[in-house]
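Each remark here refers to the structure printed beneath this line.
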Amino acid sequence: MNDRQRLIELIRQRAYRRTETPEITLASGKKSCFYFNLKKVICSSEGQYLSGRLVYDKIMALGLAPDGVGGLTMGADPISYATAYTFHLNHGAVEAFSIRKEPKDHGAGLQIEGNIGQGARVIITEDVVTTGGSTIKAITIARAHGLQVMGVIALLDRCEENGRQNIEAQGVPMHAILSIADFK
Ligand SMILES: O=P(O)(O)OC[C@H]1O[C@H](OP(=O)(O)OP(=O)(O)O)[C@H](O)[C@@H]1O
Ligand SMILES: O=C(O)c1cc(=O)[nH]c(=O)[nH]1
């Protein structure tokens with residue numbers, strides 16, 4: 001079994017929930033009959049290994065050399081950190097960062113946490129894409145902080161609500177490791 005197949009297996013076992021009627025409220029406010037709580041996978045030791053490896057491999061396959069990887073907290077966070085760690089294991093260097101939904105109201109008052117700044121070339125990570133609204137929020141905040149967004153890598157595209165098209169309308173290519181077709 002390869003890394004991708006193993007990730008699908010873990011998601012099926014731990015993170016996939018279905019209901020008879022649309023009763024699960026999504027980030028967009030819409031109701032759905034199914035939901036992937038990927039945190040139950042990506043926060044585990046094996047999930048960290050798999051998500052870091054798969055996103056790292058995707059970045060390599062695309063021929064990209066980002067300075068940073070990060071996304072909107074908190075779904076993106078375990079993926080970003082695992083990817084940065086995988087870069088180190090492969091003798092590379094990349095800064096992981098987290099984008100807060102709102103700027104911190106004390107301390108340094110930052111909205112982007114991590115060693116990343118103006119002009120850095122970054123990949124935006126995401127756990128699940130439905131409408132793409134959360135990813136677009138991450139892109140918008142990253143750009144407002146002077147980051148150059150090279151692309152988006154999501155672990156799972158639900159392939160609904162025009163998520164991919166909405167993200168790519170921002171002028172950013174989106175790549176997904178898995179899609180809803182892997183769970184049918
Ligand atoms: O494509 P969208 O329609 O935006 O939906 C997907 C988003 O929804 C979830 O985040 P949520 O808002 O539940 O927050 P969390 O990651 O902090 O749990 C998920 O982590 C994605 O970021
Ligand atoms: O659209 C969402 O909010 C959403 C869907 C899903 O399957 N998983 C998730 O974490 N968020």
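Every number in this text was worked out from the coordinates using simple rules, so none of it is lab data. Note that the structure is a prediction, hence the values are computed from the model and not measured. Every residue, glycine among them, receives a Cβ derived from its backbone with ideal geometry; neighbour counts consider all protein chains shown.
Side notes on the structure shown:
- Structure remark: mean-square fluctuation, Gaussian network model of the chain, C-alpha springs under 10 Å; the largest value among LYS39, LYS101, LYS31 belongs to LYS31.
- When each of LYS137/LYS184; LYS30/LYS184; LYS31/LYS104; LYS31/LYS137 is checked by Cα-Cα distance, pairs over 23 Å: LYS137/LYS184; LYS31/LYS104
- Rounded to the nearest 20 debye, dipole of the chain from Cβ charges on Lys, Arg, Asp, Glu: 300 debye
- Here's the list of aspartates and glutamates a cross-link from LYS39 could span, going by alpha-carbon distance under 12 Å and ignoring same-chain residues fewer than 8 apart: ASP77, GLU126, ASP127.
- Of the GluC sites (Glu not before Pro) found in segment 12-115, those in coil by DSSP whose Cβ has at most 12 other Cβ atoms within 10 Å are GLU20, GLU23.
- Within the listed set HIS91, HIS106, HIS145, the Gaussian network model of the chain (springs between alpha-carbon atoms below 10 Å) gives the highest mean-square fluctuation for HIS106.
- Estimated inter-spin distance, GLU168 and CYS43, nm [label 7 Å along Cα→Cβ]: 3.3 nm
- Relative pair counts by distance (%), Cα atoms of the chain, 5 Å bins: 1, 8, 18, 21, 21, 16, 9, 4, 1, 0
- Taking the convex hull of the alpha carbon positions in segment 97-149 and averaging its projected area over all directions gives 3.7 nm².
- Remark: the ASP105-ASN90 segment gains 1.7 nm on full extension, using 0.36 nm per residue and subtracting the alpha carbon distance.
- Trypsin sites (Lys or Arg not before Pro) restricted to segment 137-168 and DSSP loop, no more than 10 other C-beta within 10 Å: none
- Only DSSP H runs of four or more residues enter the estimate; each adds -39500 (n - 2.57), and after division by the residues of the chain the mean residue ellipticity at 222 nm equals -10500 deg cm²/dmol.
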